[in-house]
Structures are given as C-alpha cells and as structure tokens.
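S.K.: Could you have a look at this structure, given as structure tokens, before my questions?
A short reminder: the numbers here are calculations on the coordinates, not readings from a lab. Note that the structure is predicted; figures quoted are calculated from it, not measured. With ideal geometry, Cβ positions are generated from the backbone for all residues, glycine too; neighbour counts draw on all protein chains shown.
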Amino acid sequence: TVLAQTHRPRFHFSPKAHWINDPNGMVYYKGVYHLFCQYYPESSVWGPMHWVHATSKDMVHWQEQPVALYPDSLGYIFSGSAVADVNNTTGFGKNGQTPLVAIFTHHNPKLEKQKPEQVESQSLAYSLDEGKTWTKYAGNPVLSNPGITDFRDPKVRWYEAGKKWIMTLATKDRITFFSSPDLKSWSKESDFGSDAGAHGGVWECPDLFPLTHNGKTVWVLIVNINPGGPNGGSATQYFLGDFDGKAFKAYSKETKWMDFGPDNYAGVTFSNTGNRTVLMGWMNNWQYADKVPTSPWRGATTVPREMGLKAVGKELYLTSTPIKELNVLDEPGVSLKNLTVKDSYDLTAKTKKETSLFKLELTAPATADFSVVLANKQGNELVVGYDKKANTYYIDRSKSGKIDFEKGFGKRHTAPRLSADANLSMTLLADVASVELFADGGLTVMTEIFFPESDMTQLSIKSAQGIAISSLKLTPLNASQKE
Ligand code: FRU
C-alpha cells in the first residue's frame, strides 16, 4: 500500500535500503539506462562508499541491481562517470565487444591523516556484459594525485573534434581538464574557476557538455558546490562558454544556479545519449542528508531533466525540464481555462485520485501573488508560490510536517523569476515527499523534499488579491509499480 513505507518516493529512484548520495556512472547502452549511486550497504548514513546499480528502459521505472563496485585496497569508490568505449580505445573489449568503462575516484581513508594530499586518485573499472559485472583495471590508479587534497569526481566524455577523451575533474577550488587517447594515460590541459563563480565551499562533481542555441554550440560547465548554495548547504552552479578541447572560456565569471531549491545536488548527465542531454541529481542536501526521517533507506534521485538553453534579453541561461518519458505516468486529469481564484480554490474535489502524486501545470499573468498549497488532515502544509513584489518564486516547508531533525530545514526558500514574459508558467511534480518546480520553461527551478505526518491529500490554489489563471492542468500520476 501507499504508506507501507512513509515518504518512499514512487517515481524517483531510491534504494530498497541503506544510504545513497550522488548519482554516478550514468550511461545509456543498448536500450538500457544505467544509474549507479554512492552507496553504503551497511547503514543508512554515509560510510565506505560503493556503487549501487539500477537499470531502466525509460529513466522513469528503475530496477535495483547488485552492487557494482566495492571498496578495495586503494580505498573507497567515490563519484565518477561511465562511458561506452565504442572504438575500444582501452583495448578492454574482446571479440568486438564494446566495453562500458567507469572512471571513478579512489579515496583512500588510510592516508587521510598522514598524506591528505594523496588520498584521492582516479581509477577505472570495465564491464563486458552490458553493465552486469565489473572488473577493476589492474593498472589503477590511472591518474595519481599531484598533491591536491580534493581531487575527485571525474566526468569523462569523448571529444570528437580532437578524437580524444576529456576528463573534467573537481580539484578543490577549481576545475581541471585532462585529456587521454585511451582512458589510461592522462595529460593536464588547463584549469578553470579559481577566480570565477561561487566559492562558499569545495567544488565537486563537475560536468561539461555542449548544447546548441540558434545554431551555435555553447558549452555548459556544471560545478557542484558544498556548502555555499543560494538557499544554504549544497547546490549546483553553472557557467556557459566555449571549449576547444583544451580550455574552457566562460562568457561570464558570475555564477548562475541550475536549481535554487535546497535538494538537488551532485547532478550530472548521462553519456551516450546522442544529441540529448539528460541530468539527474541527488535529491538531498549535505546539510541534513544523514538526518532525514526515512527508513530503511536514505536518499533518492531527482527526476531526469532535459537540459536546454534559453535567452532572456541578451543573457543566456541553462534550462531544466522534466523528460517527456515521465508522461507514461499520466492518468486522466482535469483541465481548466480562465479560472479566477479569489482567496482559495480547492482542487482536491476535481480529482478523485490520490493527490500526493501529481503534475500541475499552469499559466497565469505575472501580476499577483498566488500559491499552490499541499496539505493533509494534520494541518501540515507545503506552499509553492509566486511573490509579485519581489518577483520571486518560493517554496515554504516551514509547516510541512517533520522539520525538527535539523534546525535549518523548516524554512521558506526563494528563487528569482528570470523570465521577462508577461505570463508565468509552472510545472510542479509532487511525489509523496518531494516537489520539483519548473517555472517559465525551466528557467527557474526549485527542488525540495519534505516529510508530512501523513500523505498530502488536499490541494488548493490561494490568492488573497485574486488572480486569473489562464490555464491549469492537474494530472494525477500513476506510479503503482513501486511498493
Ligand atoms: C559529493 C561528494 C563527492 C564525493 C562523494 C563521496 O556529494 O562529496 O565529491 O565523490 O560525494 O561520497
């Protein structure tokens, strides 16, 4: 039944039991999406890191698989990426088989005290059976530490113009790019960022990928940072610029935020997805990840998001929108046009389905304050709204149920509205204990988790001033395939 495991998300990946953090090694191969996550199989707090594995045909329904990578004599298995080595540059492939190759950080806890600058190095593992089993490369590590305490989270992609692999690595307060012909020998190309962006915390989990805007290639550099996020704790900043196979040149040194909510961290993209760029993050925040009131597991991923670009005046921004595959969850819903809301409008009566799993899409002139309120019979409330005067979106979880496990949790978070359009639009995905807000075509995004004392069964729109909503669509989501 729904409440068999209170707060268990239904269309987001979460492990059956124990702890996960960052998504790792995301790769598409032969009709299957592979997701790995930082995982500790003995407890639901962080510990010696493994990679747990999950597979999916649509990035929506995930099946947990056996653990893929275990710690070894070189240390814990920290974050990293995976590629399909279709040209067999590594020589790992036998009999024409394409090797899947994971490039990850070995973190050696034994060196933490004596030689902190040697703790982290980069290593390989490969699979010749489409991701089922993995073998560590005998020549590990392939990139030793040059003396930098934080030296981790390799994200590797094939750079076709230069016929070489590019590794984007987080190196303390900057990003370092390396290149390789075979994933085994790496040469440093350049550094970026010690004088750019936000530096409230260490730089982690980077990604580098091209997108096109008006026929022009724009490179996106994702840099996760912990702490120092716009709403506290960990968050994801990005830079737009050019990349020539050697160096990244940012159009601007100023930080932009991919997601203003507190609960989207360590997001990176799938490899081998052609012209599509799909990102998933860890739906949590280091500020309280080890205290969230879920059991017997802790941690989940965000929904997969399609990455795009959108201009507002002369400024270009990265956009995130839910992947279209999520539409398989749609149940018949209700569509309303020209709905005038004064004070409160109850949407619960409009759908007989459960209201803790839904997609709400609406368009309205950006002329008045309004909010979408999820509530339950205990009086818990989760409020998602637009503040006209401040021109911000916000999510307020200060009365959302269990909040006292961490003092900074029960807050109201804000995000600037970046769009200059007269009409605002919102797509809101709710999954039992999370909301993901994609406003204005993914220009402003907020991801938040919350822990109500019972399912949120009431849904309403509120506006004291009154607002005319041009269109509203409420779609209940069917995710009954999960326990
Ligand atoms: C980010 C991170 C990574 C590291 C991993 C360890 O959340 O700190 O930098 O590889 O988690 O679990």
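S.K.: In terms of Cα to Cα distance under 15 Å, which aspartates and glutamates are near enough to K132, apart from those fewer than 8 places away along the same chain?
M.R.: E64
S.K.: Place +1 on the Cβ of every Lys and Arg and -1 on the Cβ of every Asp and Glu in the chain, take the dipole about the Cα centre, and give the residue among G91, A464, T133 whose Cα lies farthest towards its positive end.
M.R.: Towards the positive end, the residue furthest out is A464.
S.K.: If each of N478 and T55 carries a label point 7 Å out from its Cα toward its Cβ, how far apart are those two points in nm?
M.R.: 2.6 nm
S.K.: Efficiency by 1/(1 + (r/R0)^6): what FRET value for N87 and K115, r their Cβ-Cβ distance, R0 = 41 Å, to the nearest 0.05?
M.R.: Efficiency computed from Cβ-Cβ geometry: 0.65.
S.K.: For every other residue with a beta carbon closer than 14 angstrom to the beta carbon of P262, add +1 if it is Lys or Arg and -1 if Asp or Glu, then tell me the sum.
M.R.: Spelling it out: positives minus negatives among the neighbours equals -1.
S.K.: What is the extension gain from T149 to A17, computed as 0.36 nm multiplied by their sequence separation minus the C-alpha to C-alpha distance, in nm to one decimal?
M.R.: Going from the current span to full extension adds 44.4 nm.
S.K.: Can I ask one more? Name the residues of the stretch 137-166 whose amide N is less than 16 Å from a point 7 angstrom out from the Cα of K188 along the C-beta direction?
M.R.: 143-152
S.K.: Residue farthest toward the positive end of the dipole of the stretch 1-79, with Cβ of Lys/Arg at +1 and Asp/Glu at -1: which of Q65, G31, A17?
M.R.: G31
S.K.: What order do you get for H34, H18, H199 when you list them from fewest to most C-beta neighbours inside 10 Å?
M.R.: In order of increasing Cβ crowding within 10 Å: H199, H18, H34.
S.K.: With charges set only on the Cβ (+1 for Lys and Arg, -1 for Asp and Glu), what does the dipole of the chain come to about its Cα centre, in debye to the nearest 20?
M.R.: Once rounded to the nearest 20, the dipole reads 340 debye.
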